[in-house]
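Please treat every number below as a calculation from the coordinates, not as lab data. Given the structure is predicted, the values throughout are model-derived calculations rather than measurements. All Cβ positions, glycine included, derive from the backbone under ideal geometry; neighbour counts span all protein chains shown.
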Amino acid sequence: MKFHHYSNLFLKIGYPSWKPATRYKYENITKKINAVFKNREIETIKVSEVKLYLSTLSQTLTYKTIKDYKSVLNQIFDLAKFDEVISKNPTHYIKPKPPTKPIIKPFNDVEVKSILKLAKKKDERFYLYLCIAFYTGMRTGEIL
């Protein structure tokens, strides 16, 4: 059975229950996945091929988008597994690597005092805003 059979089945089954934005997203993801796996027999697709495909995507797409691609692939392979066309789902062995968190370097006491001093000269309201931000750790939306 060809991969595109199950990718089309995935879209047909999910389409009625998805919101328009989800439909659009899944149709686009499926179209891009089909560009690679469409004419392949689904049982011949190996874990390493799926992993390589997702790895290639990681060069241009975000972690969340790659998780969306993996989710679509997972659902397509699950349909084939439930139909007993394949014995195991290759996506079950793949864990996308989460992005590395940036190192946050907070201002030191001297920098905070310098910033507050400048702010006080320019605008009293901005000075008060910065005082709240620096001394409570609140975010912009929480202060406003």
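Quick notes on this structure:
- Amide proton proximity set for K2, modelled H, under 5 Å, gap of 5+: I42
- Virtual spin-label span in nm between K121 and E27, 7 Å along Cα→Cβ: 5.8
- The distance separating the Cα centre of the stretch 1-45 from that of the stretch 52-105 comes to 14 Å.
- The value of relative contact order for the stretch 46-111, using C-alpha pairs under 8 Å at least six residues apart, is 36 percent.
- A simple count of charges around I115, restricted to other residues whose Cβ falls under 12 Å of its Cβ and scoring Lys, Arg +1 and Asp, Glu -1, yields +3.
- Converting phi to 3J(HN,Hα) with the Karplus coefficients 6.51, -1.76 and 1.60 and the offset θ = phi - 60°, the stretch 85-95 yields 7, 10, 8, 9, 8, x, 6, 5, 9, 10, 10 Hz in sequence order, with x at every glycine or proline.
- Aspartates and glutamates with Cα under 12 Å of K121, excluding same-chain neighbours fewer than 8 positions away: none
- Per-residue 3J(HN,Hα) values for the stretch 40-50, derived from phi via the Karplus relation 6.51 cos²θ - 1.76 cosθ + 1.60 with θ = phi - 60°, read 7, 5, 4, 6, 8, 7, 9, 4, 4, 5, 5 Hz in sequence order (x marks Gly and Pro).
- Per-residue ³J(HN,Hα) for the stretch 73-79, Karplus 6.51 cos²θ - 1.76 cosθ + 1.60, θ = phi - 60°, Hz, x for Gly and Pro: 4, 4, 5, 5, 5, 4, 4
- Across A21, A133, A80, mean-square fluctuation computed from a Gaussian network of the chain (C-alpha pairs under 10 Å connected) peaks at A133.
- When the chain is treated as a GNM with alpha-carbon contacts under 10 Å, the residue of K12, K81, K51 showing the greatest mean-square fluctuation is K12.
- Placing +1 on each Lys and Arg Cβ and -1 on each Asp and Glu Cβ, with no other charges, gives the chain a dipole about its Cα centre of roughly 380 debye.
- Ranking of T30, T44 by count of other Cβ atoms within 10 Å, fewest first: T44, T30
- Entries of K32/K101; K81/K101; K25/K97; K19/K70; K101/K122; K67/K105 with Cα pairs more than 24 Å apart: K32/K101; K81/K101; K101/K122; K67/K105
- For the stretch 1-88, chymotrypsin sites (Phe, Trp or Tyr not before Pro) meeting the loop criterion (DSSP other than H, G, I, E, B) and having at most 15 other Cβ atoms within 10 Å: W18.
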